[in-house]
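Notes for the one structure printed next.
The values are calculated or read from the model by the stated rules, or taken from the named source; none is laboratory data. Fair warning: this is a prediction, and the values are worked out from it, not measured in the lab. Ideal geometry is used to build each Cβ from the backbone, glycine not excepted, and the neighbour counts take in all protein chains shown. Only protein heavy atoms, including side chains, enter the accessible area calculation; ligands, DNA and RNA are left aside. Shrake-Rupley method; radii C 1.70, N 1.55, O 1.52, S 1.80 Å.
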Amino acid sequence: MEFLRTKYKVDVYNLTYEQLLKESLYEDNPSNLRGILLRIEKVELANEKNEATLVVSKYRSNEGSTSVKLTLQYRDNNWMVVDHISLKES
C-alpha cells in the first residue's frame, strides 16, 4: 500500500467494499466509488514457497471490472510476475 501511496501520490485505504460505502467514499450514489477498488480474492502458496498464485480484481465504477490470475516467483529478493491469465472482464 505504501508503494501505491508514494508512487502515485494517492490516498490508499485497506477497507472492504462495504466499509468504503460506510465511509462515504463514493460519488453521487454508492455504485460510483471514488477511485479504483483492488481486491486480492485468492492466494495459493506453492510447496517450494518461492512461488505464489493470486487471483486479483480491479473495479472502477463506470469502466467495469477485470479479474486476473497471476503467478509470482520470488527471485533476487523480489516477487516477480511470471505468468498472468485474464479471467473475466465486464
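Looking at the structure I just gave you, is L45 of a type in the set (A, V, I, L, M) and open to solvent by less than 90 Å² (accessible area, probe 1.4 Å)?
Against the criterion (of a type in the set (A, V, I, L, M) and open to solvent by less than 90 Å² (accessible area, probe 1.4 Å)), L45 does not qualify.
Go through segment 73-90 and give me each residue that's among the aliphatic types (A, V, I, L, M) and either surrounded by 15 or more Cβ atoms within 10 Å (Cβ to Cβ) or within 28 Å of L25 (Cβ to Cβ) (or both).
Hit for segment 73-90 is L87, nothing else.
In the list L25, L20, L70, which residue meets the criterion of being without any contact (Cβ under 8 Å) to a residue 40 or more places away in the chain and either open to solvent by 100 Å² or more (accessible area, probe 1.4 Å) or touching a His at 6+ places or on another chain (Cβ under 7 Å) (or both)?
Every option except L70 fails the conditions.
Among the residues of segment 17-38, how many are in contact with a strand residue (DSSP E or B) (Cβ under 9 Å, 6 or more places away or on another chain) and either assigned to a helix (DSSP H, G or I) or of a type in the set (D, E, K, R) (or both)? Give the steps one after another, and end with the answer.
Here is the first cut: in segment 17-38, the ones in contact with a strand residue (DSSP E or B) (Cβ under 9 Å, 6 or more places away or on another chain) are 17, 20-21, 25-27, 32-38.
Those still in the list that are either assigned to a helix (DSSP H, G or I) or of a type in the set (D, E, K, R) (or both) too: 17, 20-21, 27, 34.
Final tally of qualifying residues: 5.
Given the residues Y26, Y13, which is the only one that is at pLDDT 90 or above and out of contact with any Cys (no Cβ under 6 Å at 6 or more places or on another chain)? Step through it out loud before you land on a result.
Values: Y26 fails: at pLDDT 90 or above.
Testing whether each residue is at pLDDT 90 or above and out of contact with any Cys (no Cβ under 6 Å at 6 or more places or on another chain) leaves just Y13.
Tell me which of these E63 doesn't satisfy, since it passes every other one: (1) under 23 Å from K88 (Cβ atoms); (2) charged (D, E, K, R); (3) at pLDDT 85 or above.
(3)
Keeping to segment 48-66, report how many residues are open to solvent by less than 90 Å² (accessible area, probe 1.4 Å) and within 20 Å of H84 (Cα to Cα). Working first, answer last.
Taking segment 48-66 and keeping what is open to solvent by less than 90 Å² (accessible area, probe 1.4 Å), we get 50-59, 61, 64-66.
Still in the running and within 20 Å of H84 (Cα to Cα): 50-59, 64-66.
Residues in segment 48-66 being open to solvent by less than 90 Å² (accessible area, probe 1.4 Å) and within 20 Å of H84 (Cα to Cα): 13 in total.
Out of curiosity, is E41 among the charged types (D, E, K, R) and either touching a strand residue (DSSP E or B) at 6+ places or on another chain (Cβ under 6 Å) or closer than 30 Å to D76 by Cβ (or both)? I'd like the intermediate steps shown before the answer.
Details: among the charged types (D, E, K, R): yes; either touching a strand residue (DSSP E or B) at 6+ places or on another chain (Cβ under 6 Å) or closer than 30 Å to D76 by Cβ (or both): yes.
The answer is yes for E41.
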